[in-house]
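**Q** Take a look at this one; I'll ask things after.
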Amino acid sequence: MAKILVVNGPNLNLLGKREPEIYGSKTLEELNQHLSNLAAELGLELEFYQSNIEGELINFIHDKGFDCGGMIINPGAYTHYSYAIRDAISSVGLKTVEVHLSNIHDREEFRTKSVIAPVCEGSIVGFGFYGYAMALSYFSDNLKKD
Ligand code: DQA
C-alpha cells in the first residue's frame, strides 16, 4: 500500500488552542483522525509527524522520504524562510503537496512568500482542514497502489 507522510511544523501541535479565529477550533489529533478515516476509505497508508524543530523535520524527511509515495506538509512559519526544508524535499525527490490552513495571501506581507512551494506539486491554502483532505484526494488519484 502506498504510504503518504503527513507532516506538520512548528506551533501546529497547538491547533484548537492557537488563534482559533484563524486556525479553527479542532485539534491536530482530530485532524489526524479525520485523515486516517479518509485514508482507510481511499486505500492509503498515512504516517503522521509533527515537530517544532527545523532539524527534526529535515531528519524525518531524510529518513522516510525515499521510501514513500508522497508527502503532505504544512511547514508552519518555516514555509517563509526555510531553504533547508526546501532542500530536504528536493533531496529525497518526494512528491509533495504544501498545505496551509489559513489563506497566507490574505495576511501579513511576510506570509505571502513560500520558499517551499517551488519544490511542491502544488499548494493548497485557506481551506482549513479541507486542504489536507484535498491533498489526500490528489494522492489517491496520482499514486500507484500496490
Ligand atoms: C500556516 C501559515 C503560516 O504563516 C504560520 O506561520 C503557521 C500556519 C497555516 O497553516 O496557515 O504556523 O502554515
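The values are calculated or read from the model by the stated rules, or taken from the named source; none is laboratory data. Note that the structure is a prediction, hence the values are computed from the model and not measured. Here the Cβ is made from the backbone with ideal geometry for all residues, glycine too, and neighbour counts use every protein chain on show.
**Q** Could you tell me which numbered condition ALA88 fails, if it satisfies all but one of (1) in a helix (DSSP H, G or I); (2) touching a residue at least 40 places away in the same chain (Cβ under 8 Å); (3) among the hydrophobic types (A, V, I, L, M, F, W, C)?
**A** (2)
**Q** Another question, then. Based on this model, can you work out whether GLY70 counts as modelled with pLDDT of 95 or more, crowded, with 18+ Cβ neighbours inside 10 Å and over 28 Å from ILE22 (Cα atoms)? Break it down into steps so the answer makes sense when it comes.
**A** Details: modelled with pLDDT of 95 or more: yes; crowded, with 18+ Cβ neighbours inside 10 Å: yes; over 28 Å from ILE22 (Cα atoms): no.
No.
**Q** A further question on this structure: Just to verify a result, which residue in the range 97-116, among those that are surrounded by 15 or more Cβ atoms within 10 Å (Cβ to Cβ) and more than 17 Å from PHE60 (Cβ to Cβ), is farthest from the ligand (Cβ to nearest atom)?
**A** Step one: of the range 97-116, the residues surrounded by 15 or more Cβ atoms within 10 Å (Cβ to Cβ) are 97-102, 104, 111, 114-116.
The next check asks that each one be more than 17 Å from PHE60 (Cβ to Cβ); those that pass are 100-102, 104, 111, 114-115.
Details: HIS100: 4, LEU101: 4, SER102: 3, ILE104: 5, ARG111: 4, SER114: 9, VAL115: 12 Å.
Within the range 97-116, the match that is farthest from the ligand (Cβ to nearest atom) is VAL115.
**Q** Take the range 16-69 and flag every residue that is away from the ligand (no atom under 15 Å from the Cβ) and over 19 Å from ALA133 (Cβ atoms).
**A** GLY55, GLU56, ILE58, ASN59, PHE60, ILE61, HIS62, ASP63, LYS64, GLY65, PHE66, ASP67
**Q** Can LEU94 be described as more than 10 Å from the ligand (Cβ to nearest atom) and within 13 Å of the chain's Cα centre (by Cα)?
**A** Numbers: more than 10 Å from the ligand (Cβ to nearest atom): yes; within 13 Å of the chain's Cα centre (by Cα): yes.
Criteria met by LEU94.
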